[in-house]
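Computed from the coordinates by the stated procedures, all read-outs in this text should not be read as laboratory data. In this text, all values refer to a predicted model and were calculated from it rather than measured experimentally. Glycine also receives a Cβ, built like all others from the backbone with ideal geometry; neighbour counts cover every protein chain displayed.
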Amino acid sequence: MIQNDTIIALATPSGVGAISVIRLSGEQAIPIVEANFKSIQKNKYLKDQKTHTIHLGHIVDNKSVLDEVLVSIFKNPKSYTGENVVEISCHGSSFIQQEIIQLFLRKGCRMANNGEFTMRAFLNAKMDLSQAEAVADVIASNSAASHQMAIQQMRGGITNELKELRAQLLDFAALIELELDFSGEDVEFADRTKFKELVVQITFVLKRLIDSFSFGNAMKNGIPVAIIGEPNVGKSTLLNTLLNEEKAIVSEIAGTTRDAIEDELIIAGVAFRFIDTAGIRETIDIIESIGIKKAYEKADNAQLIVFLIDANKFNHNQPQFLTEIDTIKSRFPTKRVLVIANKIDTLLASEKAELQTEIENLILLSAKNNTGVEALKSELTDLVNIGALSNNETIVTNSRHFEALNNALRAISSVQQGIELEISTDLFSIDIRECLRHLGAITGDYDVDKDILGHIFSNFCIGK
Ligand SMILES: Nc1nc2c(c(=O)[nH]1)N(C=O)[C@@H](CNc1ccc(C(=O)N[C@@H](CCC(=O)O)C(=O)O)cc1)CN2
Ligand SMILES: Nc1nc2c(ncn2[C@@H]2O[C@H](COP(=O)(O)OP(=O)(O)OP(=O)(O)O)[C@@H](O)[C@H]2O)c(=O)[nH]1
Ligand SMILES: [Mg+2]
């Protein structure tokens with residue numbers, strides 16, 4: 001499916017750099033560049049050169065030399081897009097970049113849309129849709145964890161997990177449909193025992209992939225950690241200390257933070273998104289109470305909760321702290337709650353020891369003096385199960401894939417029910433097709449809607 005127009009875009013960031021790469025893809029890429037390229041070698045022409053070769057010369061426009069460049073040639077189908085591709089490595093000046101692009105736009109190229117090079121790679125079967133989508137994730141990845149998940153996906157993660165099972169399901173679909181053609185006679189081409197085994201196996205793999213999404217999504221976007229506690233306990237100070245930046249306003253006035261403030265921090269290769277919230281207390285202030293409501297919402301949506309208490313207020317005669325901690329833990333029964341006693345710089349050593357023995361698993365910290373913060377960080381990374389990452393397992397991070405996997409699971413569950421209830425074959429053969437369709441949507445094997453493709457690639461940057 002070779003597109004007949006030739007597209008051009010800057011492949012490197014716009015702005016000044018040592019060199020910049022301008023990429024052209026399409027049937028006419030080589031002749032278009034050829035007409036304005038002069039090799040330093042006499043009588044050397046790009047059209048005669050082998051694929052994957054590099055050539056030194058000048059880009060010329062009406063005999064004036066725009067730049068000395070290196071031109072790389074990739075010949076259809078051996079290129080990133082599967083089309084003829086030419087890359088021009090020029091000097092990294094904004095002026096030169098623009099002059100060269102403008103020159104080739106005049107000579108018959110068209111400016112590429114976002115993600116169009118990768119879209120062409122998909123349309124020319126250089127990669128499947130899930131791999132093409134992962135290209136954007138690779139570019140966007142900002143932590144070791146998100147990078148690893150994206151690379152795994154770009155190399156065909158989900159596709160490889162499902163390819164074999166999908167092929168087997170397709171075979172069964174064909175056999176079962178064949179039985180339907182002989183509906184008068186009592187024939188069974190598809191081995192029911194084997195078919196049941198396959199359905200169980202598919203269900204198992206789908207569930208594993210679906211389950212990986214909450215982890216994958218959190219890893220990709222940063223694991224949300226809500227910092228909550230009473231006013232003035234030092235939540236905003238802790239956020240600032242973690243980020244090493246005066247992000248949130250800190251003051252001795254209780255009720256300083258109103259709106260939730262968040263930012264990302266990468267700890268040991270994993271992105272965490274820390275959310276500082278309004279201090280929780282009874283209040284008649286309308287704005288403050290909206291902030292408190294929001295604090296609860298943030299905690300509800302967070303993966304982890306950091307609950308801060310003011311170590312100063314600890315009084316060993318009163319089990320008030322313990323009640324407070326229990327209240328928070330029962331308010332968020334399914335979440336991991338890390339309890340932190342802040343402001344330990346104001347405590348005597350004996351008081352610290354007492355605090356630690358009275359409250360289990362307490363992290364002692366001084367947000368102001370930056371003590372105990374490393375312990376908190378290592379506690380956080382311990383809580384994140386990155387075992388899946390080191391095992392190179394496929395982790396679903398894309399919500400489109402997640403949705404398709406859920407749809408496929410729903411369909412295969414109907415198939416399973418159909419077999420158990422021994423309903424007529426024609427009914428569950430529809431569910432088998434349905435399952436195949438959803439699995440195909442992930443890789444783009446089924447006729448994917450133009451709009452869906454447009455939507456997927458619109459999230460890319462130009463030149464990718
Ligand atoms: N200069 C440059 N660097 C780049 C890219 C690019 O397009 N250009 N890439 C773009 O993202 C990535 C590399 N991906 C690529 C994937 C395939 C082919 C390619 O030419 N494939 C051919 C030939 C393979 C061979 O035989 O060596 C093919 O698949 O047939 C090129 C780049 C990252 N670095
Ligand atoms: N001594 C000491 N003071 C601290 C520490 N952390 C915060 N403080 C002080 O406690 C006061 C309140 O700090 P904030 O960070 O604004 O507290 P907050 O929990 O965000 O308060 P609200 O936004 O009102 O809920 C400020 O005066 C801080 O300087 C600490 O570790 N030690
Ligand atoms: Mg605050």
- Run the dipole for the stretch 349-456 about the Cα centre, Lys and Arg Cβ at +1, Asp and Glu Cβ at -1, nothing else charged, and hand back the magnitude in debye, nearest 20. 360 debye
- Task: Taking 7 Å along the Cα-to-C-beta vector as the label spot, tell me the residue 301-residue 214 distance in nanometres, rounded to one decimal.
- Result: 1.6 nm
- Could you pull out every residue, at least 5 positions away or on a different chain, whose amide H is within less than 5 Å of the one on residue 76? Hs are placed 1.01 Å off N in the peptide plane, and Pro or chain starts have none. 84, 85
- Query: Averaged over all directions, how much area does the convex hull of the C-alpha atoms of the stretch 7-127 cover when projected, in nm²?
  - Reply: 7.0 nm²
- By how many degrees, 0 to 90 and rounded to 10, does the Cα axis of helix 320-331 deviate from the longest principal axis of the chain? 30 degrees
- Task: Give, rounded to the nearest 20 debye, the magnitude of the charge dipole that the stretch 222-366 has about its Cα centre when Lys and Arg contribute +1 at Cβ and Asp and Glu contribute -1 at Cβ.
- Result: 340 debye
- Item | Filtered GluC sites (Glu not before Pro), the stretch 109-190: DSSP coil and at most 10 other beta carbons within 10 Å | 185
- Item | FRET E, pair residue 39, residue 160, Förster distance 45 Å, beta-carbon r, rounded to 0.05 | 0.55
- Query: What is the Cα coordinate range of the stretch 222-366 on the first, second and third principal axes, sorted by size from largest, in whole angstrom?
  - Reply: 42, 36, 32
- Query: Considering only 205, 160, 217, whose Cα is most displaced toward the positive end of the charge dipole of the stretch 113-218, charges sitting on Cβ of Lys, Arg (+1) and Asp, Glu (-1)?
  - Reply: 217
- Sparse-neighbour loop sites [chymotrypsin sites (Phe, Trp or Tyr not before Pro); the stretch 219-328; at most 13 other C-beta within 10 Å; DSSP]: none
- Report, to the nearest 10°, how far helix 157-181 tilts away from the longest principal axis of the Cα atoms in the chain, using its own Cα long axis and a range of 0 to 90°. 70 degrees
- Note on the structure: Once both label points are put 7 Å beyond Cα along the C-beta direction, the residue 458-residue 204 separation in nm becomes 4.2 nm
- Query: How far is it, in nm, from the label point at residue 320 to the one at residue 336 when both lie 7 Å from their Cα along the line to the Cβ?
  - Reply: 3.1 nm
- Task: Multiply the residue separation of residue 451 and residue 47 by 0.36 nm, subtract the distance between their alpha-carbon atoms, and state the gained length in nm to one decimal.
- Result: 141.8 nm
- Kindly flag which residue pairs out of 47/78; 38/107; 313/335; 247/368; 42/75 have an alpha-carbon separation exceeding 18 Å in this structure. 313/335; 42/75
- Consider all pairwise Cα distances in the chain and report the whole-number % of them above 30 Å. 62 percent
- Candidate lysines - alpha carbon under 17 Å from residue 450, same-chain residues fewer than 8 apart omitted: none
- Message: Using the Cα centre of the chain as the reference point, and only Cβ charges (+1 on K/R, -1 on D/E), how large is the resulting charge dipole? Debye, rounded to the nearest 20.
- Response: 1840 debye
- Query: Taking a spot 7 Å from the Cα of residue 423 along the direction of its beta carbon, which residues of the stretch 207-229 have an amide N less than 17 Å from it?
  - Reply: none
- Positive-end residue, the chain charge dipole about Cα centroid, Cβ charges, pick of 442, 119, 43: 43
- Item | Cα-Cα P(r), the stretch 238-323, percent of pairs per 10 Å interval | 14, 42, 34, 10, 0
- Query: Taking only Cα atoms, what is the 0 to 90° angle, nearest 10, from helix 425-443's long axis to the longest principal axis of the chain?
  - Reply: 90 degrees
- Counted charge near residue 289, where neighbours are those whose Cβ lies closer than 12 Å (Asp, Glu -1; Lys, Arg +1): +1
- With the charge dipole of the chain built from beta-carbon charges (+1 for Lys and Arg, -1 for Asp and Glu) about the Cα centre, the Cα from 416, 17, 432 projecting farthest to the positive end belongs to 17
